[in-house]
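**Student:** Let me give you the structure first, and then I'll get to my questions.
The values are calculated or read from the model by the stated rules, or taken from the named source; none is laboratory data. A quick note: this is a predicted structure, and the numbers were derived from the prediction, not measured. With ideal geometry, Cβ positions are generated from the backbone for all residues, glycine too; neighbour counts draw on all protein chains shown. Heavy atoms of the whole protein, side chains included, go into the accessibility calculation; ligands, DNA and RNA do not. Shrake-Rupley method; radii C 1.70, N 1.55, O 1.52, S 1.80 Å.
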Amino acid sequence: MSINTIGRLLKLGTWGESHGPAIGATLDGCPPGIEIKESMLQHWLDRRKPGQNKYTTQRREEDKVEILSGVFDGKTTGTPIQMLIWNKDQRSRDYTEIREKFRPGHADLTYWHKYGNRDYRGGGRSSARETAARVAAGGVARAILQDIAPSIRITGYMTQIGEMPINRKNFDDKEIEKNPFWCPDASIKEKWADYIMDIRKIGDSIGSMVEVRASGVPPGIGSPLYAKLDSELAAAMMTINAVKSVEIGDGVGVVSLKGSENSDDIRLVENGTIEFDSNHSGGILGGISTGQDVIVRIAIKPASSILIPKKSITIEGVPTEVVTKGRHDPCVGIRAVPVAEAMVALALADQLLIHRGQIGEIRDYSFTVD
């Protein structure tokens, strides 16, 4: 049995392959009465679609989403929302030379082990092309959040390409939308541009780090132990193609901290609200949101489809070399930013619906200050 859905109350299922006629998503569990238009979803898809600049794959896709069900008169009906995106710029001939070979670092070999076959045209189901459907569904999740918890804002950005991290002292939210890398540090974006073009010229690829910040998340969202907010977020992020690790808050950085350094001191301010002096926890304690910014970070491996020859075998077990032609991202993290945002939106919307089902409306626990 293959598992192609994620979520507990808000369930996302995606379908389709990279070089098939279309891809799409079915989102079940959306409350009725949420305003949804195709143009609303298209806004998010346009941020992800390929061929927009010289730093990503030159595959040209409109990524135009069509809503087939679950919406009537511009509002959700409470029934499954079916979304369709046509594939229009497949070049399957680019993969003819590898139809009998396994690409190192790719899912070719593992799909063959599991199913006894694999779609060699762009990787089929394992292709990042599938993530367009997630972004469409993420647009619906954002609309749900706007209805249930309008204070929430989700912002993704790149913090590192290869061995070149941003300088967090230069972090500026306003810079994120001004460059093709979603880079919040104006001092490094030109260096990234030159670096990626050098990588592309030699036919190689490079890894990256993407961070997503969800601000305005109400305190009390999430569940102890088996449906922790951080475990649900981590599971969602690990489903994204090429993601190899997930961090919440300081992540692996907590290893070098003392307990006195890692704990986020709590204080009460004059209006009776709680504030923290730091956010090492990434806005989550005991699997439940604290009211601080929720911080999720993902490490994305270099794309496996490269022009540099790599050693492998054929499906008959004969030694060979593999060179993957076609149009590929030299740094897949660039277009992963909107995908990561979408998965955070879906996980948060799912958790808020669970919270509403068990607890009811979001509660405001403020303190009286004498």
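**Student:** Using 0.36 nm per residue, how much length does the chain from W86 to K310 gain when fully extended, once their Cα-Cα distance is taken away?
**Tutor:** 77.4 nm
**Student:** Work out the length of the dipole vector of segment 269-370 about its Cα centre, built from +1 on the beta-carbon of each Lys and Arg and -1 on the beta-carbon of each Asp and Glu, and round it to the nearest 20 debye.
**Tutor:** The dipole magnitude comes to about 920 debye.
**Student:** I'd like the distance between the alpha-carbon centres of segment 1-33 and segment 255-287, rounded to an integer number of Å.
**Tutor:** Cα centroid to Cα centroid, the span is 36 Å.
**Student:** Here's a follow-up. Rounding to the nearest 20 debye, state how big the charge dipole of segment 156-306 is about its Cα centre with +1 on each Lys and Arg Cβ and -1 on each Asp and Glu Cβ.
**Tutor:** 480 debye
**Student:** Once neighbouring chains are kept in place and the probe is 1.4 Å, which whole percent of the accessible area of the chain is contributed by carbon and sulfur?
**Tutor:** 53 percent
**Student:** Which Cα, out of A234, G220, I308, lies furthest along the positive dipole direction of segment 162-310 (beta carbon charges, K/R +1, D/E -1)?
**Tutor:** Checking the options against the dipole of segment 162-310, the answer is I308.
**Student:** Next question. List every DSSP H helix in the chain whose Cα atoms extend 27 Å or more along the helix's own long axis and whose mean Kyte-Doolittle hydropathy is at least 0.5.
**Tutor:** Qualifying helices: 333-358.
**Student:** Is the shape of segment 124-247 best called rounded, prolate or oblate, per the rule: a/c under 1.5 gives rounded, else a/b larger than b/c gives prolate, else oblate, with a ≥ b ≥ c the square roots of the Cα gyration tensor eigenvalues?
**Tutor:** prolate
**Student:** Then there's this: Once Lys and Arg get +1 and Asp and Glu get -1 on their Cβ, which of G357, Y120, S278 lies farthest toward the positive end of the dipole of the chain?
**Tutor:** Going by the Cα projections, it comes out as Y120.
**Student:** Extension gain F171-V269, at 0.36 nm per residue separation less the Cα-Cα distance, in nm?
**Tutor:** 32.6 nm
**Student:** Mind putting a number on the dipole of the chain about its Cα centre? Charges go on the C-beta only, +1 for Lys and Arg and -1 for Asp and Glu, and I need it in Debye to the nearest 20.
**Tutor:** Around 1520 debye, computed over the chain.
**Student:** Continuing with this model, one more query. For segment 186-235, what does the accessible surface come to per residue with a 1.4 Å probe? Please give it in Å².
**Tutor:** Using a 1.4 Å probe on heavy atoms only, each residue of segment 186-235 averages 44 Å².
**Student:** Using θ = phi - 60° and the Karplus curve 6.51 cos²θ - 1.76 cosθ + 1.60, what whole-Hz ³J(HN,Hα) does each residue of segment 273-286 get, with Gly and Pro shown as x?
**Tutor:** Those phi angles translate into 9, 8, 10, 10, 7, 7, 9, 5, 6, x, x, 9, 10, x Hz.
**Student:** Highest GNM mean-square fluctuation, the chain, Cα pairs closer than 10 Å: which of V294, V135, V254?
**Tutor:** V254
**Student:** In segment 276-294, whose amide N lies under 15 Å from the spot 7 Å out along Cα-to-Cβ of R153? List them in ranges.
**Tutor:** Inside the label zone: 292-294.
**Student:** Using +1 at the Cβ of each Lys and Arg and -1 at the Cβ of each Asp and Glu in segment 285-370, identify which of M343, V332, T290 lies farthest towards the dipole's positive end.
**Tutor:** Result: V332.
**Student:** Still on this structure: Please report the relative contact order for the chain, taking Cα pairs under 8 Å with a sequence separation of at least 6, and give it as a percent rounded to a whole number.
**Tutor:** 22 percent
**Student:** Among R213, R168, R47, which one moves the most in a GNM of the chain with springs linking Cα atoms closer than 10 Å?
**Tutor:** Evaluated over the chain, the most mobile residue of the options is R168.
**Student:** Sticking with this structure for a sec: What residues from segment 223-249 fall in the zone where the backbone N is under 11 Å from a label point 7 Å along the Cα-to-C-beta line of Q358?
**Tutor:** So the set is 223-229.
**Student:** For the chain, set up a GNM with springs between Cα atoms under 10 Å and report which of Y115, Y157, Y226 has the largest fluctuation.
**Tutor:** The residue that fluctuates most here is Y115.
**Student:** Run lengths n ≥ 4 of DSSP H only: what is the helix-derived mean residue ellipticity at 222 nm for the chain, with -39500 (n - 2.57) per run over all residues, to the nearest 500?
**Tutor:** Per the formula, -7500 deg cm²/dmol.
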